[in-house]
Each structure stands twice: as structure tokens, then as C-alpha cells.
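The values are calculated or read from the model by the stated rules, or taken from the named source; none is laboratory data. Because the structure is a prediction, the values reported are computed rather than measured. Neighbour counts run over all protein chains shown; Cβ positions are idealised from the backbone, glycine included.
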Amino acid sequence: MLPQLQDSDLTVHSLLDEPIVLVGSPDCSLNILDKSYENQKISECLIVNEKGCSYRTMFEEYLGERGIVPSLHYALLFTNCRKLVLKESKSMSNNKNKEVKNLEDPPNPQSIEEIQSRDKLSEPNLPIELIVMLAGESKPQVEVDLVKTEEINDTKDTFQYEVKLSIQNPALGVHAFPPPMQIEKFIPKRELMVGQTDAYIPDHLPFRPVPCSLPKELHVRTVFPPDDRKVFQDTAYPWSTIGRVETPNGKGTGVMVGPRHLLTAAHMIKWKSDGTTDWLTFAPALYDTSKPFGESFATKVYVPEVIVDPNDGMTDDEYKHDYVVVVLNTRIGDKTGWMNHKIYSKSWNDQPNFIHVGYPWDLAGNYRPTYQKDIALKGSFWDSEDHIRIFHKADTYKGQSGGPFFGYWDSKPHVVAVQSAGLSDENVASGGAHMVNLIQRALVDYP
């Protein structure tokens with residue numbers, strides 16, 4: 001069905017002929033390869049591949065060249081709930097006697113210009129928790145002292161306080177780390193579990209779709225065009241939901257997707273030789289040494305069926321599954337808010353409406369977040385939307401791993417993928433229905 005490739009610079013050999021086969025019931029007399037069917041409309045219904053599939057495209061071209069018009073024409077695809085349905089093609093004629101569920105592609109993300117900001121609606125009354133891990137032969141004795149230092153610029157009646165901890169009976173010179181995470185290996189199914197399915201925008205935080213710019217004296221002067229990353233300092237929503245992840249593998253980025261649920265890259269997890277994991281900490285909206293919402297550590301990690309280990313190099317299959325959901329020891333999301341999540345659709349390919357935030361090493365050494373907007377994503381042609389590599393040209397560096405790619409629907413941010421790796425000619429993020437199902441599983445188990 002494909003024309004012979006003609007190119008004077010190439011020697012072309014046909015390896016094999018791969019036929020497209022029509023399968024029907026024994027009592028079906030349809031043979032559209034027969035010339036008697038040309039230039040007419042047929043009554044039989046056809047079930048074909050999803051829109052954009054090369055086999056479907058060739059088959060439809062074949063029908064078009066011969067003037068064959070099927071009266072109804074169906075495609076197999078999965079909805080956002082990943083349940084098998086029949087979708088009527090736009091090229092079909094209207095048939096009022098058929099009960100057809102007409103499902104369009106999912107709506108496109110909004111542009112940032114459509115999103116309205118707002119001020120905070122109430123004053124916060126929530127505690128902040130900071131982690132200090134200590135070793136000791138007996139229970140350490142802790143004394144706390146507060147010292148007011150200076151008034152914070154541009155804020156009224158707000159001061160900085162130095163919190164001094166005096167700890168007696170520590171084991172000096174002995175390292176202490178958060179406990180290792182428990183592992184929950186999960187094989188996602190097509191049917192999504194039902195957990196929390198909306199973003200949480202706290203009333204005690206303002207909402208700004210574009211983060212505040214840094215003062216000129218804090219601008220990074222070592223970045224040159226065409227690098228589009230902008231260092232920012234903002235604790236408004238949704239920037240409050242994104243923070244720095246730290247593990248024995250290094251520093252990366254993560255985003256809150258529930259009250260105590262963190263989404264990050266799977267290759268950030270340190271796997272021990274016995275198959276267990278090590279520790280992980282998360283500080284949302286970290287900037288330099290400031291942790292305005294405190295810090296939490298992981299207690300459990302939900303991993304997909306493919307274990308990602310960056311130490312031996314990553315395969316295409318690992319790029320498709322480079323995400324984990326971590327359950328934290330506190331409900332830090334009640335302070336920061338959290339984003340919603342969405343299955344990436346290839347119908348969004350090449351639309352520059354996505355945003356990325358990360359903590360790159362080359363700009364302020366993983367201590368300040370960067371922001372990029374107007375990013376176009378492109379789901380791999382070869383991958384299903386269950387687990388998909390999503391290619392992009394956003395500027396990335398070490399430390400941005402696990403950082404979210406998100407867009408706005410109904411004026412709320414939805415994560416569609418996390419940064420995975422930089423390749424020779426493009427960068428790759430990881431997402432798909434299985435990532436969403438992993439989030440839902442953690443939300444159901446730990447509401």
C-alpha cells in the first residue's frame with residue numbers, strides 16, 4: 001500500500017510485505033479490495049486503529065483513492081478513564097438510529113493569559129515542621145530559644161526570628177538520616193481508582209499563574225540566550241507546591257499532588273543492593289536556605305512495575321516509567337496546596353501551553369527554583385498513552401529531574417509529566433495513564 005521509496009542517494013531494499021488484513025464474521029460478504037466496491041458507499045461498519053496510527057492512515061488513503069465511503073467508521077481508543085469505548089470518526093455520516101458515544105479529544109490547556117490571579121483570602125494558622133535528625137545513646141534533651149532579628153522588607157509588622165535549638169546528649173560525630181521508605185510496588189490497571197481528583201488552592205495563599213520576578217540585584221548573570229529559565233522567589237500558589245527533593249542520589253525536584261503525596265522522578269530513589277530504598281526529604285518552595293513551609297521526609301514510595309535505576313544507564317522503557325509517588329510523614333500539602341493531575345494526550349502535541357519548574361544545579365546550585373513557560377510537548381509516536389515518553393525542547397540541567405510539566409484546565413494546574421532526562425537532541429519527560437493511576441492509588445491508600 002505504500003509507494004516505493006525513490007531517492008538517488010539511497011539504495012532501497014524491500015525487506016518484506018506486511019499485509020493489512022480485514023477480519024469479519026463468517027456471514028460477512030465484505031471484500032473492499034474487490035473492484036466492485038469502488039466509488040460507492042458501503043453499509044458495513046469498520047473498526048480500525050486510533051487516529052494518527054500509520055496503519056489507519058494508509059488504510060484510509062487506500063479507501064479514499066478508490067472512492068469507497070463507509071457509512072459508519074469506528075476507532076478503538078481509551079478515554080481518560082482508560083475504558084474501552086467506540087468513538088465515531090468525524091468523517092462518518094450522521095446515523096441517528098445508532099447509539100454511538102461520541103467522545104472528542106480532551107480539551108486543550110488554557111494559555112496563562114486566561115488565568116486570573118487573586119490575593120489570599122484568609123490568614124494562615126498552621127504550624128511549620130522542620131527536621132533535625134540526631135544520633136544519641138539516650139533521648140536528647142532539647143531547649144528552644146527565640147530571638148527576633150529584623151523586620152522583613154516589603155512586609156508590614158512581620159519579623160524574622162532565629163530559632164535556637166540547644167540539644168543535650170547527642171552522639172557527636174555520628175550521622176543520622178531519615179528512615180528508609182517502605183516500598184509499594186503497583187501494577188496499574190486501565191481502570192483508574194477514585195481518589196482525590198482536584199487541585200487544592202489554599203485560602204491562606206495568594207494565587208499567581210506567573211511567579212514574581214527577582215529583584216535585579218538577585219538576577220543570575222551567568223545565563224545567556226537562548227536559555228529561557230528564569231530564577232524566581234515566590235511562595236504563592238501554585239509555586240508553593242513545588243520544592244526540592246533530596247536523596248542519597250542527589251538533589252532534584254518534586255510537586256505536591258495530594259495532602260501528603262509527592263510526585264517526583266523514579267531515578268531520584270536510591271535503591272540498595274538488597275532491593276530496599278533509602279531516605280528522601282522534601283522542602284517546598286525552598287530558596288537558598290529558607291524553607292517557608294518547613295520540611296517533610298518520606299515514609300512510603302509507590303513505584304511502577306518498571307524499576308528505574310540510573311546507575312546502569314536508562315532504557316526507553318525506564319524513560320516511560322520514570323515517576324514515583326512518595327507518601328510524606330506530614331500533611332504538608334495543607335500548607336502548600338497541591339496540583340491536580342491529568343493523562344497526557346497526543347492531541348496536545350506541539351501546543352506551547354505548558355510550564356516547567358525545577359531546581360537546576362547550574363543556576364544557584366540547586367538552591368533556587370527556575371520557571372519556564374510556553375513549552376511545547378510531544379508524546380512519542382511509538383508509545384501508548386498508558387506510559388509515554390514526552391519529548392520537549394525546554395532548557396534543563398541536573399537537579400530539574402522530577403520537576404513537573406503542567407498546564408491549566410478550568411484555571412487550575414494539572415501535572416501531565418515529570419522531567420526525566422536530557423538526550424543528545426531533545427529532552428524527555430515521563431507521564432501517561434499509569435502515572436495518574438499511581439497517584440490515585442496513593443491517594444486512596446493514604447487520604
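Here Thr315 meets each of (1) among the polar types (S, T, N, Q); (2) in contact with a Pro (Cβ under 9 Å, 6 or more places away or on another chain); (3) farther than 30 Å from Ser411 by Cβ with one exception, condition (2). Flag: Gly337 does not match the condition of being farther than 22 Å from Glu426 by Cβ, of a type outside the set (Phe, Trp, Tyr) and surrounded by fewer than 18 Cβ atoms within 10 Å (Cβ to Cβ).
For region 396-422, a residue qualifies if it is buried (at least 21 other Cβ atoms within 10 Å of the Cβ) and in a loop (DSSP other than H, G, I, E, B), and the qualifying residues are Thr396, Gly399, Gln400, Ser401, Gly402, Gly403.
One residue stands out in region 380-390 among those that are assigned to a loop (DSSP other than H, G, I, E, B) and not aromatic (Phe, Trp, Tyr): the one that is surrounded by the fewest Cβ atoms within 10 Å (Cβ to Cβ), namely Ser384.
Kindly indicate which of Thr315, Thr289 is surrounded by fewer than 18 Cβ atoms within 10 Å (Cβ to Cβ), among the β-branched types (Val, Ile, Thr) and farther than 18 Å from Met435 by Cβ. It is Thr289. Contact map, region 155-174: first residue free of Cβ contacts under 8 Å to residues at least 40 places away in the same chain, second residue in a loop (DSSP other than H, G, I, E, B) and surrounded by fewer than 10 Cβ atoms within 10 Å (Cβ to Cβ), Cβ cut-off under 9 Å, separation 6 or more or different chains; pairs are Asn169/Glu137; Asn169/Ser138; Asn169/Lys139; Ala171/Glu137.
Does Val444 fit the bill of being modelled with pLDDT of 90 or more and assigned to a helix (DSSP H, G or I)? No; evaluated as a whole, the condition is false for this residue. Can you confirm whether region 111-125 contains a residue that is at pLDDT 50 or above, surrounded by 12 or more Cβ atoms within 10 Å (Cβ to Cβ), aliphatic (A, V, I, L, M) and outside any loop (DSSP other than H, G, I, E, B)? Checked against the condition, which is being at pLDDT 50 or above, surrounded by 12 or more Cβ atoms within 10 Å (Cβ to Cβ), aliphatic (A, V, I, L, M) and outside any loop (DSSP other than H, G, I, E, B), region 111-125 yields at least one hit. Is it the case, given these coordinates, that Lys393 is over 21 Å from Val436 (Cβ atoms), free of Cβ contacts under 8 Å to residues at least 40 places away in the same chain and surrounded by fewer than 24 Cβ atoms within 10 Å (Cβ to Cβ)? So Lys393 passes the test. Taking region 346-379 as the range and being small (Gly, Ala, Ser), buried (at least 18 other Cβ atoms within 10 Å of the Cβ) and outside any strand (DSSP E or B) as the test, only Ala364 passes. Please go through region 375-390 and give me each residue that is of a type in the set (D, E, K, R) and touching a residue at least 60 places away in the same chain (Cβ under 8 Å), ordered by number. Result: Asp383, Glu385, Asp386, Arg389. Here the condition is being closer than 18 Å to Ala199 by Cβ and of a type in the set (Ser, Thr, Tyr); of Tyr359, Tyr367, Tyr408, it holds for Tyr408 alone.
Is one or more of the residues making up region 335-348 free of Cβ contacts under 8 Å to residues at least 12 places away in the same chain and not aliphatic (A, V, I, L, M)? Checked against the condition, which is being free of Cβ contacts under 8 Å to residues at least 12 places away in the same chain and not aliphatic (A, V, I, L, M), region 335-348 yields no hits at all.
Per-residue answers, yes or no, for (1) of a type in the set (Asp, Glu); (2) out of contact with any Gly (no Cβ under 6 Å at 6 or more places or on another chain); (3) modelled with pLDDT under 85; (4) closer than 28 Å to Glu18 by Cβ:
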residue: His73; (1), (2), (3), (4): no, yes, yes, yes
residue: Leu86; (1), (2), (3), (4): no, yes, yes, yes
residue: Met92; (1), (2), (3), (4): no, yes, yes, yes
residue: Glu99; (1), (2), (3), (4): yes, yes, yes, no
residue: Glu104; (1), (2), (3), (4): yes, yes, yes, no
residue: Leu130; (1), (2), (3), (4): no, no, yes, no
residue: Pro140; (1), (2), (3), (4): no, yes, yes, no
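Of the strands (runs of 3 or more DSSP E) lying entirely inside region 217-283, the ones with 3 or more residues being among the small types (Gly, Ala, Ser) and modelled with pLDDT of 95 or more are found at 250-258. Would you please name the residue that is modelled with the lowest pLDDT, looking only at residues in region 302-330 that are part of a strand (DSSP E or B) and touching a helix residue (DSSP H, G or I) at 6+ places or on another chain (Cβ under 9 Å)? Of everything passing the filter in region 302-330, Val303 is modelled with the lowest pLDDT. A count restricted to region 173-193 and to residues that are over 24 Å from Leu328 (Cα atoms) and at pLDDT below 85 stands at 3.
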